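Scroll down for the structure; my scribbles are underneath it.
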Amino acid sequence: MKTRVGYFRNARYTFKFLREISSFILAIYAIYVLFKLLSYNDKSYTILFSSPLQIAIAIIVMIFALIHSISWFYLMPKIIRIKINKKYLDSRIVFASSLMVFVIISIILIIALI
Amino acid sequence: MSEVKILVKRFDPDSKRVYTSEYKVLAEDDTMVLDALIHIKNEIDRTLTFRYSCRMGICGSCGMVINGKPLLACQTRIKELKEPIVVEPLYNFNIIKDLVVDFDIFIDYLKEMKPYIIRQEELKEIIIKPEELEVIANPSACINCMLCFAACPVFGYDQTFKGPATLALLYRYLMDPIDQAEEERLKIANDKDAVWKCSFWGECSNACPKGVDPAFSIQRLKLMLAIKSLR
Amino acid sequence: MDKIKADVIIIGAGAAGLRAAIEAARIDSKLKIALISKVYPMRSHTVSAEGGAAAVIKEYDNLDSHAYDTIKGSDFLADQDAVELFVRLAPQELLNLEKWGLPWARDENGKMAARAFGGMSVKRTFFAADKTGFYILHTLFQRSLMYDNIERYDEWFVTSLIVEKGRFKGLTAIDIKNGTLHYFEGKAAIICTGGIGQLYKTTSNGAINTGDGMALAYRVGAPLKDMEFVQFHPTGLPGKGLLITEAARGEGGYLLNNRYERFMKKYAPEKLELAARDVVSRAIYYEIKEGRGFEGKYGAYVGLDIRHLGKEVIEKKLPTVKEIAEKYAGVDPYNELIPVRPTMHYMMGGVHTNKNGETPIAGLYAAGEAACVSINGANRLGSNSLTECLVFGALAGRNAAKFALEHDYLEVNKEEVLNEEKRIFEGLLKKENGISASELIYELKDIMEEKVGIIRNGKELEEAFASIMKLKEKFKQVSVVDKSKIYNTDFIQVLELDFMLDVAEAITYSALKRKESRGAHYRIDYPKRDDEHFLVHQLIYKTEYEPRIEFLPVVITRWQPTERKY
């Protein structure tokens, strides 16, 4: 007999599980967006926010997208380490800078779309 | 000196019964969970069964789950734990008795990694710069305590996964400056049950008492395999 | 009960056992090697060794120097022909490990780096961080996985050896996982069961070091040798006994009394902290006895000062020291002194072998700490033990393999083993309402710690011996609380206690009979070294009554005993 303890043993593990399925959720939502936009002639993004339910789903998906991206920026420099002058760049610096770039690009995109 | 309550989740292999034993021990600031268990066995309950040897965190015998975390009992201070202290056997392994689990599966997987230097030609003199050894310093520090296996949710769900420690050791031999079996080892890594089953939770590195980073080793192997497939 | 046949059976899977297994397996792939260990190999106590392994590899070194250092360190009790063989074979063993992937520490030129160590006149101790034993054990274990003809019996406990007409023919062992007794039929066996630390209260040794192999050999008529020489390592943590490696002193650490003086100046004016271990241990003992120790929770201690070594040296070369100091003593070695006091550490004595690892029983060999060749004599120099395990492990492995190739099996039939089964299961496991084994173990540890320790005298040794005889009587009333056959650690401890009592008897009796002081054996009633009468090894044989001692002269080749000063 054994104690098989997998994905939901405590809050931290459950959160990480959410991180894992975030890619799944984003993929499904992306297909949904594509489908919605292709099936309407009026190609306006307001289609996606036309009901409270749709807005709620959009917000949830955005949270997952943020979890997904931010955790990726956090983990990536730990594996792909950048060497500058014999020493490895601190992964926290890469994390912080990639977050900044992310925010800046997001702002630019939002402004462009509005 | 104060009295603490320790609950041990036990398993009796003869009756197949799972039950909890409650013990009260006196603990000081520097009393480790292992000290308490040894005291319990000597003075209170000689049937309490657990593994230990070195008492200094290098033999890897005393791995167990304490208050939900896989830890080495000899390195866990009682005073730093919330009461009641709950001690149970390592997750994800067959329990033989009380806190003793069967981890033969690790040794079987380890053997598949060919964890020994493979060279074609004999070496006369070996010159290795200290920097070349830095790569293997981390993964070679593994004491085979199995805390990472207990922490890994993937292994918990699917025991065909080769496991963090196993793959870290594969990486260690792959990166060894004098090993010459890179092709072979990459092939071993490139298995659906090997690196590709890992989904980078990082709990293994979190749990390792010696600071080994199996998560890093495995992702590096994935990177190497990905780059190799592009060539 | 199952019979298992193997050409070479190795008891114990530490450095010596694994090295022997690899060597025997290499000699002939058709040889079946059974590697029996009561713990998984990577748990063997080799894993805790920190400092390093010595050998003549550097150009500034030479074999005679290593030999002389070892012989002087042994207080001239080492057999010089064995030492000459040892220093000659040592370099190849370390270079071998290098080829097998052991990450020896390197200097800037990429060559193996050496550090200073106690009693060594030049830097010849090679190391891997300060976890040399860990790396050696894991490298050997992983290497052993390469050989299909090594069959491992992990967590099997050997209970007796079977000898017929002066030749080894088999043994009995319990598979701890299910409590069943099996018997092995073998052509040769090698005892590599390590040391005896659990006989003492304060020890650096692990729970598994109970002298099993020594007792096993003792009981079938193989003599033990030099059992009175018990090494106390000067720098262990007070109370817990955990080791602070000699490398801390090798890298330049100081020992300070409560006046912050480097008191070793008085005891070893030349070598100071790097004198032989028995000298340093006694020095600390005297400093504490004369009131110059610091007071602490576990009694008085002296301070090990590595503050001046600097963060880089400590991080690179003494990381384990830092970890142990912080975790178990609660001190920060960058800014505080580490509390240290002598702790029982190593057994110079053991199963008597010649320099080929052979015991007087044909087909029975021994290597490592469990054996006594002797190259360590009355005191072992630090960093010689890991090398010793490799050199003599390989020699014993090779010779045992050759013996197996040249000899046939002697049959062991079931009837011979039934008595053993009865002794264990009817006699020990099934007994009811007796005394607890823990009680006896505590008593034994008290006796050994108080009366057979660093400073001894005849009266206390006699009392100790009498007490041990009484304990052996009391042992007949021990019963096991855990009646299960499956993984019964209560029961295994009782079997270990049985062995420990035999070993304690041998140590105490030998100490009583050696009426001189030499190396680690120091008696107030005979404080001087007596080469005229005692330049001999004491072989101790088990009899029905008091053990029997025989003298074996020390082999002297080129170095005449002189006064031993550091």
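The values are calculated or read from the model by the stated rules, or taken from the named source; none is laboratory data. All values derive from a computational prediction rather than experimental measurement. A quick note on method: Cβ atoms are made from the backbone with ideal geometry, for glycine too, and the neighbour counts reach across all protein chains shown. Keep in mind that these areas ignore ligands, DNA and RNA; they rest on the heavy atoms of the full protein, side chains included. Shrake-Rupley method; radii C 1.70, N 1.55, O 1.52, S 1.80 Å.
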Practice item. Could you please let me know if A:Met62 is within 16 Å of the chain's Cα centre (by Cα), more than 11 Å from chain B (Cβ to nearest Cβ), closer than 29 Å to B:Asp213 by Cβ and open to solvent by 80 Å² or more (accessible area, probe 1.4 Å)? Key: no
Exercise for review: Those residues that are part of a loop (DSSP other than H, G, I, E, B), open to solvent by less than 10 Å² (accessible area, probe 1.4 Å) and within 10 Å of chain B (Cβ to nearest Cβ), I need them from region C:25-43; list them, please.
Suggested key: C:Tyr40
Point to revise | Qualifying positions in region B:119-138 - closer than 13 Å to C:Leu102 by Cα and touching a helix residue (DSSP H, G or I) at 6+ places or on another chain (Cβ under 7 Å) | key: B:Ile126, B:Ile136
Study note, to complete from the structure: Residues of region C:59-89 being part of a loop (DSSP other than H, G, I, E, B) and open to solvent by 30 Å² or more (accessible area, probe 1.4 Å), in sequence order, are C:Glu59, C:Tyr60, C:Asn62
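Please enumerate the residues belonging to region B:122-133 that are in contact (Cβ under 8 Å) with a residue 40 or more places away in the chain, open to solvent by 30 Å² or more (accessible area, probe 1.4 Å) and assigned to a loop (DSSP other than H, G, I, E, B).
B:Leu123
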Check your understanding: Do any strands (runs of 3 or more DSSP E) entirely within region B:34-108 hold 3 or more residues that are surrounded by 20 or more Cβ atoms within 10 Å (Cβ to Cβ), more than 10 Å from chain C (Cβ to nearest Cβ) and modelled with pLDDT of 95 or more, and if so, which?
Key -> B:63-66, B:69-72, B:85-88
**Study point:** Number of the exception - C:Pro360 against (1) modelled with pLDDT of 95 or more; (2) touching a helix residue (DSSP H, G or I) at 6+ places or on another chain (Cβ under 9 Å)
**Key:** (2)
Review point. Which condition breaks for C:Glu463 when tested against (1) surrounded by fewer than 17 Cβ atoms within 10 Å (Cβ to Cβ); (2) outside any helix (DSSP H, G or I); (3) at pLDDT 95 or above?
Key: (2)
Check your understanding: Given the conditions (1) surrounded by 24 or more Cβ atoms within 10 Å (Cβ to Cβ); (2) over 23 Å from C:Phe499 (Cα atoms); (3) touching a Lys or Arg at 6+ places or on another chain (Cβ under 9 Å), and given that C:Asn413 satisfies all but one, which numbered condition is not satisfied?
Key -> (1)
Practice item. Return the only residue of C:Gly118, C:Gly110 being within 14 Å of chain B (Cβ to nearest Cβ) and of a type outside the set (A, V, I, L, M). Key: C:Gly110
Practice item. Answer with yes or no whether A:Ile93 is free of Cβ contacts under 8 Å to residues at least 60 places away in the same chain, exposed (fewer than 14 other Cβ atoms within 10 Å of the Cβ) and in contact with a helix residue (DSSP H, G or I) (Cβ under 9 Å, 6 or more places away or on another chain). Key: yes
Exercise for review: Please specify each residue of region C:294-312 satisfying the condition of being away from every other protein chain (no Cβ under 14 Å) and either of a type in the set (S, T, N, Q) or in contact (Cβ under 8 Å) with a residue 40 or more places away in the chain (or both).
Suggested key: C:Phe294, C:Gly299, C:Ala300, C:Tyr301, C:Val302, C:Gly303, C:Leu304, C:Asp305, C:Ile306, C:His308, C:Leu309
Point to revise | The lone exception for A:Lys78 - which of (1) more than 19 Å from the chain's Cα centre (by Cα); (2) modelled with pLDDT under 90 it fails | key: (1)
